[in-house]
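First the structure, in the form of structure tokens, and then the observations on it.
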Amino acid sequence: MAKGRSVARVASALSELGLGGRSRELPDSTRTAAEAGAALGCEVGQIVKSLVFRLPSTDTAVLVLASGSTRVDVGKLSAVVGETVEQASGAFVRDRTGFAIGGVAPVGLVAPVTTYVDRGVLGWDHVWAAAGSPRTVFDATPDELLAATGGTVVDVAE
């Protein structure tokens, strides 16, 4: 497995959550859902995208976990949050989560972040999420992912 601090932080968090030993480093990039699906030999929908949005009013982050085969509707997300949200910059994502875009894991974040899980993730028996780098992933059931993140299930896909 990669030796980066981000990957190690995720591995530690997974161990604490009872999901240890599930990370794997792939030879190819998993920066996009399509790349991850191809590298893992699974459906793109089984890849969980970790998308970070910014609340301009408070300059805080919101993490949305969505199926790799869907897009998040910013209007729907704004309605759920109760205020306008915007796509976060790379610097904002790294500052608030400790991860670079393409490797944002749903666990092991450097600070607590409100997390939402789009209902589409729950339609799979087994999913894969980023594990701290563009080449590392971990597997979980949707229920394990929900428990690990403390996320709230919402309908924000287009």
Answer yes if at least one residue in the stretch 27-40 is surrounded by fewer than 18 Cβ atoms within 10 Å (Cβ to Cβ) and either within 22 Å of Ala147 (Cα to Cα) or among the aromatic types (Phe, Trp, Tyr) (or both), and no otherwise. no
For the stretch 117-139, what are the residues that are buried (at least 22 other Cβ atoms within 10 Å of the Cβ) and either of a type in the set (Ser, Thr, Tyr) or out of contact with any helix residue (DSSP H, G or I) (no Cβ under 7 Å at 6 or more places or on another chain) (or both)? Asp118, Ala130, Ser133, Arg135, Thr136
Please verify whether Leu146 is farther than 27 Å from Asp28 by Cβ and either aliphatic (A, V, I, L, M) or crowded, with 19+ Cβ neighbours inside 10 Å (or both), treating the condition exactly as stated. yes
Could you check the stretch 1-104 for helices (runs of 4 or more DSSP H) lying wholly inside it with 3 or more residues that are in contact with an Asp or Glu (Cβ under 9 Å, 6 or more places away or on another chain)? 33-40, 74-81
Does the stretch 105-140 hold any residues that are farther than 22 Å from Val7 by Cβ and either touching a Pro at 6+ places or on another chain (Cβ under 9 Å) or not in a helix (DSSP H, G or I) (or both), and which are they? Thr114, Tyr116, Val117, Asp118, Val121, Leu122, Gly123, Trp124, Asp125
Could you tell me whether the stretch 51-68 includes any residue that is among the basic types (Lys, Arg), at pLDDT 95 or above and on the phi < 0 side of the Ramachandran plot? yes
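The values are calculated or read from the model by the stated rules, or taken from the named source; none is laboratory data. Since the structure is predicted, the reported quantities are computational estimates derived from the model, not experimental observations. Using ideal geometry, Cβ is built from the backbone for each residue, glycine included, and neighbour counts are taken over all protein chains shown.
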